[in-house]
Amino acid sequence: MTNTISIGIHDLSLATTQFVLPHTELAGHNGTDVDKYHLGIGQRSMSVPAADEDIVTLAAAAAAPIISRHGTDQIRTVLLATESSVDQAKAAGVYVHSLLGLPSAARVVELKQACYGATAALQMAIGLVHRDPSQRVLVIASDVSKYDLDSPGEATQGAAAVAMLISADPAVVRIDDPSGLFTADVMDFWRPNYRDTALVDGPESVNAYLQAVEGAWKDYTEQGGHALGDFSAFCYHQPFTKMAHKAHRHLLNTCSQDTDADAVGRALQHTTDYNAVIGNSYTASVYLALASLLDHADDLTGKTIAFLSYGSGSVAEFFAGSVVPGYRTHLRTASHREAIDSRRPITYSEYRKLHEHSFPADGGDHPVPEETSGPYRLVSLTGHKRIYEALRHP
Ligand code: CAA
């Protein structure tokens, strides 16, 4: 159940935003019992981008430490997956390529299928490395999750990026064959081109996710994948962390196994820590679950990890990874914690102002206030062009 050569995640790095809105603030504004957020959906706070942060600055901030550790020489492909694209034509990864100083001899493309896109990118990267094991592929998942103010989805916003270097003989996690695949045409969550906030049918989206878990698992078993008992941990896409609990309970039910809270809790242990305080990061969410697991669990050497990637609309993939001996020396636990802990808490009214910000579409010169202390910032929208700058290279 492995590739003929070992291919997978050689390095993994996350970035998140300048600001954070605690759910206590949101509950204070809308009169919701905060336990609904803390216990009901399993969220404590959500990352909020500064005016001069977006998916490009987050992506560059996540990827820069990988470039400074490994250099750029073998990277000939950059795949950036996002639901919150900043342009209908130009790939966000091209801005990132420039900010990071990557070589011109590279292909850069953007992938989209709601929250699933980064898993498509990962699998494509594996194919490219398989064809030429001397090459490495930079895969970046970067998203800002945005729903309407005062809507049910509002409590499930967030923002983050995860960058992964995919290579032969990976130092962190080997990605194994086969994958279990599932696609169904459903309208559970979507964002028409003229909107900057997502539309969602909440109950339908939860149901569609559970159907996708079942469908992807069924295909995984038919393709000859691992038995359920082989997995030491399960990394789920987490629009809110309680969704991972619902998903795992559903998987256990599908496999006619005990679904007590302890069994579910054990399977998900450490995979929800980052998502509970960052919120939904769409494409990055399942890889934040992996980062959280690797950063917090006791030694996982040789263990098999399950991944369930779900993107509304919908596409899902169930696959496995094996943790590589020596992985711990390659982790970035301290900088991940620093990125999360250094966010500045904001009030509800500060959050609302940021949420309501949008650029005039008149082609004028629209500078953006300097707010981020991150390494990259959006300087302005000038003549319909987004202008970025590198403040420093981490
Ligand atoms: N104390 C403890 N728990 C409480 C509570 C309280 N005071 N009040 C309510 N709860 C519990 C409820 O019982 C419920 O638990 P269960 O799900 O176990 O029944 C939970 O809190 C949520 O309550 P509601 O269902 O009443 O909440 P809601 O109507 O506000 O909607 C939501 C919740 C549907 C998730 C909504 O936030 C939403 O639409 N979010 C965006 C869509 C989404 O994330 N969908 C997930 C699947 S789609 C996907 O995964 C793709 C993606 O990234 C978007």
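Highest mean packing first, where packing is the average number of other Cβ atoms within 10 Å per residue, the peptides 333-343, 139-149, 168-178, 39-49 line up as 139-149, 39-49, 168-178, 333-343.
Each Lys or Arg adds one and each Asp or Glu subtracts one; over the other residues with Cβ under 13 Å from the Cβ of S179, this totals -4. Each of M243, G8, Y147 was placed along the dipole of the chain (beta-carbon charges, centred on the mean Cα), and the one lying farthest toward the positive end is G8.
Extension gain for Y194-R131 works out to 18.8 nm (0.36 nm per residue, less the C-alpha to C-alpha distance).
Take the Cα of A361, step 7 Å toward its Cβ, do the same at A184, and the gap between the two points is 3.5 nm. Region 279-299 and region 167-232 have Cα centres spaced 16 Å apart. Calculated FRET efficiency, D298 and R44, Cβ-Cβ r, R0 22 Å, to nearest 0.05? According to the calculation, E is roughly 0.40. Note on Y274: accessible area approximately 0 square angstrom, rounded to 10, probe 1.4 Å, nucleic acids and ligands left out. Annotation: the antiparallel percentage among DSSP beta bridges lying fully within the chain is about 75. The residue list Q18, Y376, A161 was ranked by how far each Cα lies along the charge dipole of region 7-390 toward its positive end, using unit charges on Cβ atoms, and Y376 comes out on top.
Pairs spanning more than 26 Å between alpha-carbon atoms, out of K36/K246; K218/K242; K146/K246; K36/K146; K353/K385: none are present. Accessible area per residue for the chain, computed on protein heavy atoms with a 1.4 Å probe, is 39 Å².
Could you tell me what percent of the accessible area of region 7-390 is made up of carbon and sulfur, with a 1.4 Å probe and every protein chain present? Summing carbon and sulfur atoms, their accessible area is 49 percent of the total for region 7-390. Legend: helices of the chain (whole DSSP H runs) are marked when their alpha-carbon atoms reach 15 angstrom or more along the helix axis and their mean Kyte-Doolittle hydropathy is at least 0.0; marked are 55-70, 117-131, 285-296.
The values are calculated or read from the model by the stated rules, or taken from the named source; none is laboratory data. As the structure is a computational prediction, the values presented were derived from the model and not from experiment. Cβ atoms come from the backbone with ideal geometry, glycine included; neighbour counts cover every protein chain shown. SASA here: full protein model, heavy atoms, side chains in, ligands and nucleic acids out. Shrake-Rupley method; radii C 1.70, N 1.55, O 1.52, S 1.80 Å.
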